[in-house]
1. Test of understanding: what is the full-extension gain from TYR121 to ILE332, defined as 0.36 nm times their sequence separation minus their Cα-Cα distance?
2. For the pairs LYS315/LYS356; LYS113/LYS154; LYS72/LYS107; LYS196/LYS356; LYS34/LYS175; LYS306/LYS345, note any where the Cα-Cα span goes beyond 21 Å.
3. Would you mind classifying region 85-243 by shape? Square roots of the alpha carbon gyration tensor eigenvalues, ordered a ≥ b ≥ c; an a/c under 1.5 is rounded, otherwise it is prolate if a/b is larger than b/c and oblate if not.
4. Along the Cα→Cβ direction, 7 angstrom out, place labels at ASP181 and SER23. What is the inter-label distance in nm?
5. Using the alpha carbons of region 197-361, what is the convex hull volume per residue in cubic angstrom, as a whole number?
6. For region 81-90, take each phi angle, set θ = phi - 60°, evaluate the Karplus expression 6.51 cos²θ - 1.76 cosθ + 1.60, and give the result in whole Hz per residue in order, putting x for glycine and proline.
7. Positive end of the charge dipole of the chain (Lys, Arg +1 and Asp, Glu -1 on Cβ, about the Cα centre): tell me which of VAL53, ALA309, LEU177 has its Cα farthest that way.
8. Antiparallel DSSP bridges in the chain: what percent, to the nearest 5?
Amino acid sequence: MSQLTFLGSCREIGRSGFFIEHSDESFLVDYGVKFTEPPSFPDMIPTDELQAVALTHAHLDHSGGIPRILAKSEASLFCTPATRDLSLLLLRDMYKISRGPLPFTRKDITLVKRQCQATAYEETIPLGHHFETTLFNAGHIPGSAMVSVRVNGKRILFTGDFNATESQLNPGARKNLPKHDIVVTESTYARRINPKREEIEEGLIDSVIETLERGGTVLIPAFAVGRSQEIMCILEKKGLPQKYPIYLDGMARGVDEVLVKHPEYLQSPQAFQRAVKRVRVIHDNRDRTNAVKKGGVIISPAGMLKGGASYLYFKMVHDDPKNSIILVSYQIPGTPGAELLASRKVTVSGRLFEVKAEVRQHHLSSHSDSRGMLDMLLKIPGEPKFYCIHGESESCDALAERLEKRKRVAHVPEVNESVEI
Ligand SMILES: [Zn+2]
């Protein structure tokens with residue numbers, strides 16, 4: 001008999017963790033953080049018989065607690081080389097900016113590199129006496145994977161975050177997945193339909209060009225991993241860097257360096273290389289002031305104007321109607337970005353700003369929407385049983401209901417719930 005325990009990411013986004021036990025061996029998929037204050041992690045697992053840890057992708061809600069596990073176990077970490085390098089970057093940054101104590105040391109972060117067995121997509125690896133794992137491209141960010149685990153004659157798929165639609169940065173998730181008995185699926189946008197990708201890209205380009213033509217500066221607050229690079233590729237495709245300066249700030253610079261080393265995970269390595277060469281890298285506050293003065297497009301973290309250099313730019317661009325601030329991701333309620341969309345008055349670092357710059361949103365999602373999600377899940381052969389996780393509570397329920405309407409068995413697990421497989 002085998003057992004699967006949902007350690008986190010149940011009716012929530014954050015602290016992903018899935019623990020499989022069979023006989024005297026065990027296997028862990030993801031071990032992430034949730035940015036509460038202080039940060040929360042899944043409950044600690046027994047590590048004595050842990051055969052391996054598999055990581056779907058670098059985002060900290062999946063990877064943020066991995067050093068805690070590796071510090072207690074000699075088990076290998078299986079992920080793509082891009083995920084390994086991006087995780088190291090994100091974990092070091094998290095450690096640097098963390099205010100509360102973390103359940104691992106700075107030195108433990110190096111174990112991600114030391115214990116990693118870089119894994120290619122589609123490669124099947126036997127682990128211990130009872131497990132076997134394979135990674136499939138998830139199309140979410142470069143290097144992202146769905147983790148397939150074989151145990152006790154059953155195949156379980158952990159989708160991680162996935163996007164079936166290709167973007168300018170990522171090839172879409174693997175089509176035609178093999179037969180599975182159980183699928184643990186993300187539900188992030190189970191209640192949302194995205195406009196066509198090309199329409200969103202066109203809208204973004206139109207907003208950027210309108211601002212530049214009237215002599216304004218465009219601020220695009222964006223996540224450092226994935227979104228910033230995608231914006232760079234979209235602007236590159238339209239030939240904008242030849243006409244206007246494009247600036248890049250924050251950790252996105254380090255992410256570019258990692259991705260240049262791993263071109264095999266990119267939709268178009270040549271286009272990305274061109275975009276990286278043409279972008280102007282910001283080093284300090286003097287560069288920031290000059291960039292705003294000269295005008296152009298500034299891509300800077302954080303994506304919701306909370307932390308990162310985007311706040312410094314926001315202070316400089318907010319009061320001129322010629323400028324625009326373009327939000328390119330979902331804005332979590334309560335963040336400065338969400339406030340900005342709702343009222344044009346925004347409190348950043350305790351100060352209230354009245355915004356005269358134009359504010360627009362062009363949401364470039366890196367997750368499948370409800371249609372794309374259902375379409376991909378229903379095509380997985382083997383009539384698998386579904387567990388819907390990684391979404392607001394209502395989204396997890398909505399996905400389970402839609403699957404049940406299609407005569408599939410679906411369940412929304414609670415934190416620390418265990419099921420027999
Ligand atoms: Zn993610």
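1. Numbers: separation 211, 0.36 × 211 = 75.96 nm, distance 3.23 nm.
That works out to 72.7 nm of additional length.
2. Violating the 21 Å limit, Cα to Cα: LYS113/LYS154; LYS196/LYS356; LYS34/LYS175.
3. It comes out oblate by the Cα gyration axes.
4. So the two model labels end up 1.5 nm from each other.
5. Numbers: hull volume 17.5 nm³, N = 165.
Cα convex hull per residue, to the nearest whole number: 106 Å³.
6. x, 5, 4, 4, 5, 5, 4, 4, 4, 5
7. Of the candidates, ALA309 comes out farthest on the positive side.
8. Among the beta bridges of the chain, antiparallel pairing accounts for roughly 50 percent.
Computed from the coordinates by the stated procedures, all read-outs in this text should not be read as laboratory data. Since we're looking at a predicted model, the values are computed, not measured. In this analysis, Cβ positions are derived from the backbone assuming ideal geometry, glycine residues included, and neighbour counts consider all displayed protein chains.
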